[in-house]
Amino acid sequence: MIKDVTHDIHGKKLSFRSDTKLRFGGSRIAYDPEMLSEYKRCSQDILHFIENYCYIMDADKGLEIPSLFVWQKEFLKLLSDRSKRKLVAKIARQSGKSTLIALYIVWYTCFHNDKTSGIVANKESTAKEIYK
């Protein structure tokens, strides 16, 4: 896991509104070799990123790291495979597709420059819920 960085390369505090998890825009951080290695691994391995850095909100349990089924892991690997341009999936209702796609979008936007992603749903409120 990457250590918590509280100051930028100039010694300036990074916390925004006293929340150390939020940083000011344009903050510059000096990465050590361990942090760079972890960043590279996360950028290349979507499952490592999700299993170590992503949380989902469960109505009963609150925030938790997602525990994925084997088929969900395989689906995410297929989604993240850059050689696959198109993917068609036949997946049952209520199987976590929206959560999987939301996790994929988070990974994709974190590790791919100059890309745009969007969420489309049958209702605006549904899209906003997925976005949260």
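The values are calculated or read from the model by the stated rules, or taken from the named source; none is laboratory data. Quantities reported herein were computed from a predicted structural model and do not represent experimental measurements. Neighbour counts run over all protein chains shown; Cβ positions are idealised from the backbone, glycine included. With ligands, DNA and RNA removed, areas are computed over all heavy atoms of the protein, side chains included. Shrake-Rupley method; radii C 1.70, N 1.55, O 1.52, S 1.80 Å.
Structure notes:
- In segment 79-107, the residue that is nearest to LEU68 (Cα to Cα) out of those that are under 12 Å from the mean Cα position of the chain (by Cα) and open to solvent by 50 Å² or more (accessible area, probe 1.4 Å) is THR99.
- Among all residues of segment 21-43, there is none that is loosely packed, with under 12 Cβ neighbours inside 10 Å, modelled with pLDDT of 85 or more, in contact with a helix residue (DSSP H, G or I) (Cβ under 9 Å, 6 or more places away or on another chain) and farther than 23 Å from ALA127 by Cβ.
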